Each structure stands twice: as C-alpha cells, then as structure tokens.
Amino acid sequence: MMQDLEHENYMLKSILKNSPSSENFSFDEYKSVSPAYYNDLKEQLMDKYKNKKLTDIKGSKVIETEYGETLQIVQKEKIDFDLAENNFKNQMNHNLKLLPKIGIKTEEKLKSQGYLTIDSLLHHDSYKDNAQKFIEKIDDMSFSSIIELLNENKYGRQCKDNLIKCVSIPDAEDFKFMDIETLGLSNVAIILIGVAEIKGNKIISSQYFLRNLEEEPAVLDAYFSHLDENSVHVTFNGKTFDVPFIKNRLRYHRLDVDFDLAHIDLMYFAKYLWRDELPDCKLQTIEKYKFGLERVDDVPGQYIPGYYNTYLSENNIGPMIPIIEHNRQDIVSLADFLMKMYEEVNYE
C-alpha cells in the first residue's frame, strides 16, 4: 500500500512539473481527493489502534439512555468566551425598520423629522399603535422571536450585522455548538453527534458515537439531553444540513421531540463577512486563515462511510479516531468563530 502511494505521489509530481496550470494546483488539494492516500491512512490507523477499544478513547464511557446504551466522549479545555455587552435591545429601539410598513426611506424621513427611536413614535399618529405593541413585547420576546424579526428586516449591511450583534442576548451556557457526521447525504444513519457548551472558562465537548447501527435512537436521545427551551443551536451549514437531517432521523425512528430551537448558522455570516478575503468559506479554511490552525490527517466527508464500515467489519476503532477528532474540532471552532464575528461587527 505504501509503495502504491509513493508511486502515485511520484506520478502526480511528474505530471504537475510539466503542467502549465501546476502553480494553481497544490499537492494538498490532490491529497484531499486521493483514494490511495486515504486508504493508506486507514490502514495505518487500523495498525496503530488494532488492540484498542472505544472506551480507551480519552473521556469516553458507555452511558444509558431511554433507548439503550451508547458511547459518550467528553473533553474539556479552557476558553475565554466573552461577548462584550452591546445593549442590543436598546439598539433595536433605534431601528425603526423593525416596525411594520417602515423601510429604509421611511425611516430616513421619520428620523429627519426627529423620530429617532421606536419610543418616540408613540407620539406619531400613524405609527403609535405598532410602536406601543413593540415596546410592550420586547422585554419578554424570546431570542428565537428576535432572530425571526431581524430576519424579516434585512435591508442592508447594518441589518445583517444585527443578526450577529444579537447573540449578546442569550446566556453563554445556552449556546449549543453542534455538528453531525453521517453515512451519506440523506436517509442514512447519523454515526456521530457532537455538542460543545460553555461552562465558565471551559468549553466542554460531548460526543455520542454509533457503536452499531441499532444505537441511533440512543445517540439522538443522548444529544437531546443537552437541550431545553432556551437552547440556541450554533452550526456551520446546520440550517441546510444538520438540523433537517436530524429531523428526518427523528421521523424515521418515530421519536417525538420538539426540535424547533433558535438557530445561528455561522456559514452565512462567514460568507457575508469574509468571502472577499478568503479563498473560500469552508470551516477549515476559516481556521487556517483567521486563526492559524491547520488540521493533520483530517478525513473528508466522502470517505467517512467507508471508514465507518471498515470499523464495523474489522472491529477496529482506528478509522474512527480522526473522524471523532474532526467532529470535536468542528464544534469547538464554532465558539471561536462566533466570538470573532461578534467582535468584527461590534468594534470594526
């Protein structure tokens, strides 16, 4: 296997050497789509971990859920998670566009007339009723409702910034930085769910691993134990992939769980804030260029099903080690991303 890989690498470099486009194609890019490289990595992992069990993984233990046992992996690390107070609800009071029938031009006209806040519109003949309704409900408005309101009023850069600024409202402990690993893009099992939570000066990652295909309800139930009505999902492409995928698996197993929570999908904010300064807005690209982090032996998603099936057929945990670490790094990185985005829109 190693000889095959070395031959493939040699052939690639020979081709690139004489290719007019070689300067635009890196060896790392080739590696990311090379079956030979990842087959060889899998063999090395199997050899390294051939005498190891899942419970040998740091922080792992078997736990009991309502739907049976599953494997939990918990790790802690220090984090300085601090979203400085920005008095966002007061900022909302200065955003007249949050009221029905007020757009950019109407807001400009009203402010030129001295109506600078929603409070001041209590004295406006046309808008006083809507202003009164807004003021009465703002203090008790849920974070989910605030996000929904802000999403309905995306008139420009300032409005988009508000969708990041508003994350100062929830308690830090309510953020659930979440990511899943699956056996495909649809109608297949979730093999790993990771959730990271802020507890004081620590970020605690809890991962739930599908030791066999029958454990998926237990994995789901273990994840749901972290959620309550105040929870806020923080994901990267979770609105399009992770959350709909989980809902689909709930239907498949006929599990009745209220999964409609407030949701901050950082992929959209990454594209909004950084698309002009980064090669792309993939999670690992952001880690590299914004935080100076580069992963070693990271396994792309297209290889995960094969790695998992090898784990099952060979009863060898090796292929799952980088996937578990990949998932853990994803959810921990989300906390750093959220802080960085918050700082940029509040203090630029």
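Since every read-out is calculated from the coordinates, none of them should be taken as a lab result. Everything numeric here is computed off the predicted structure, so don't read it as measured data. Quick reminder, even Gly has a Cβ in these numbers, built from the backbone with ideal geometry, and neighbours come from all protein chains shown.
Descriptive notes on the structure:
- Cα-based reach from Lys61 at 29 Å (exclusive), listing lysines while leaving out same-chain residues under 8 positions away: Lys42, Lys48, Lys50, Lys52, Lys53, Lys76, Lys78, Lys176, Lys199, Lys202, Lys247
- Of the GluC sites (Glu not before Pro) found in the stretch 76-111, those that fall in a DSSP loop while having at most 11 other beta-carbon atoms within 10 Å are Glu85.
- Entry note, the chain: the mean residue ellipticity at 222 nm calculated from DSSP H runs of n ≥ 4, each adding -39500 (n - 2.57), is -13500 deg cm²/dmol after division by the residues and rounding to the nearest 500.
- Cα lying deepest toward the dipole's positive end in the stretch 96-152, options Phe134, Leu149, Gln113, charges on Cβ: Gln113
- Residues whose amide H falls under 5 Å from that of Val232, counting only those 5 or more places apart or on a different chain, are Phe175, Lys176, with hydrogens built in the peptide plane.
- Most to least packed among 250-262, 195-207, 59-71 [average Cβ atoms within 10 Å]: 195-207, 59-71, 250-262
- The gain in end-to-end length when the Thr106 to Asp276 segment is fully stretched comes to 58.1 nm, 0.36 nm per residue minus the alpha carbon separation.
- When each of Phe269, Phe241 is scored by the number of other beta-carbon atoms lying within 10 Å, the sequence from fewest to most is Phe241, Phe269.
- Local net charge near Asn316, Cβ-Cβ under 14 Å (Lys/Arg +1, Asp/Glu -1): +2
- A simple charge model with +1 on the Cβ of Lys and Arg, -1 on the Cβ of Asp and Glu and nothing else charged puts the dipole of the stretch 96-152 at about 280 debye relative to its Cα centre.
- In this label model, Tyr155 and Asn212 are separated by 6.0 nm, measuring between points 7 Å along each Cα→Cβ vector.
- Formal net charge of residues neighbouring Glu152 (Cβ-Cβ distance under 14 Å; K, R +1; D, E -1): +3
- For the chain, with +1 on Lys and Arg beta carbons and -1 on Asp and Glu, the positive-most of Phe209, Val296, Gly103 along the dipole: Gly103
- Spin-label model, Lys288 to Glu136: label points 7 Å out along the Cα-to-beta-carbon direction sit 5.5 nm apart.
- Label-point gap, in nm, between Asp80 and Val257 - each point 7 angstrom along Cα→Cβ: 3.6
- Full extension of the chain between Asp297 and Asp228 yields a length gain of 21.3 nm, computed as 0.36 nm times the residue separation minus the alpha carbon distance.
- Set of lysines with alpha-carbon distance to Lys111 below 28 Å, sequence-local pairs under 8 removed: Lys89, Lys97, Lys101, Lys128, Lys133, Lys137, Lys154, Lys160, Lys165
- Of the residues Asn162, Thr182, Gly59, the one whose Cα sits farthest toward the positive end of the charge dipole of the chain, with +1 on the Cβ of Lys and Arg and -1 on the Cβ of Asp and Glu, is Asn162.
- Extension gain for Asp56-Glu69 works out to 3.0 nm (0.36 nm per residue, less the C-alpha to C-alpha distance).
- Here Cα Rg over 2.2 N^0.38 Å was computed from the coordinates, and among (i) 1.03; (ii) 1.18; (iii) 0.92 the match is (ii).
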